[in-house]
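Inspection log for the structure reproduced underneath, given as structure tokens.
Derivation of every value follows stated rules applied to the coordinates shown; laboratory data play no part. Predicted model, so just to flag it, every value in this text is computed and none were measured. Cβ: placed from backbone, ideal geometry, glycine included. Neighbour counts: every protein chain shown.
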Amino acid sequence: MAEKRTIARPYAQAILRLAREQDALQPWSGMLHFAAAVAADEEMAALIASPRLSGEQLAALFLEICGDRLNEHGRNMIRVLAANGRLDLVGEISALFEIERAHAEGTVEAEVISAIELSAAQKSGITESLKRRLGRDVTLNCRVDAALVGGAIIRAGDVVIDGSVIGKLEKLAAALTH
């Protein structure tokens, strides 16, 4: 069976094209995020996986839960996904849409995990360095993980920079054992 991401990609790309035509990237982002949260609910996920409901019944239930949080195009998307037995892909479609959207807008979201809280100057320096390296605007999301002991790990798209003490110790251990 094909990987979920592979199946979800054409849906995400079609939604991105539609959102760009409508000049509605932000509203689509919100609708997809909300629909993904509904689909991720434990009870809803069980219903989506169950053969007891037809695609039409499942779509009606899903849309009832979403209420007015989806516009007509968003409701049509849910109907199409349910009819094709793909409602379980909403979370993956949402994630891929965000990646495609960021790429289309020339932005990238970067995650910085550091051993201690970063200062404003450090955050600014990381943002500027990543902007130069990736050639895109960077949105930084920072969190602290004391288990790193020192340093930081930066993830931006496909780029991973491990400057943590733990990462360096693991590399040293690997080099010594080989």
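Pull up all non-local amide H partners of GLY150: gap of 5 or more, or a different chain, and H-to-H distance under 5 Å with H placed in the peptide plane.
Correct list: VAL165, ILE166.
Using only Cα atoms, tell me the angle between helix 55-66 and the longest principal axis of the chain; keep it within 0 to 90° and round to the nearest 10.
Once rounded, one gets 60 degrees.
Give me log10 I(q)/I(0) at q = 0.12, 0.18, 0.27 Å⁻¹ for the stretch 77-145, Debye formula, one equal scatterer per alpha-carbon, no solvent.
The Debye formula, applied to the Cα set alone, gives -0.48, -0.76, -1.12.
With no solvent and one equal point scatterer placed on each C-alpha of the stretch 4-102, evaluate the Debye formula and give log10 I(q)/I(0) for q = 0.11, 0.12, 0.24 Å⁻¹, two decimals.
Evaluating at q = 0.11, 0.12, 0.24 Å⁻¹ gives log10 I(q)/I(0) of -0.28, -0.33, -1.35.
How far, in degrees from 0 to 90, does helix 120-134 lean away from the longest principal axis of the Cα atoms of the chain, to the nearest 10?
Roughly 70 degrees, rounded to the nearest 10.
Return, ordered by residue number, the residues of the stretch 104-130 whose backbone nitrogen is under 17 Å from a label point located 7 Å along Cα→Cβ of ASP145.
What the label zone holds, given the 17 Å backbone N cut-off, is 110-118.
I'd like the orientation of helix 165-177 relative to the chain: the angle between its Cα long axis and the longest Cα principal axis, in ° from 0 to 90, rounded to 10.
80
Treating only the Cβ atoms of Lys and Arg (+1) and Asp and Glu (-1) as charged, compute the dipole magnitude of the chain about its Cα centre; round to the nearest 20 debye.
In total the dipole reaches around 520 debye.
Ignoring the sites themselves, what is the longest stretch of the chain with no GluC sites (Glu not before Pro) in a DSSP loop and at most 16 other beta-carbon atoms within 10 Å?
It works out to 4-116.
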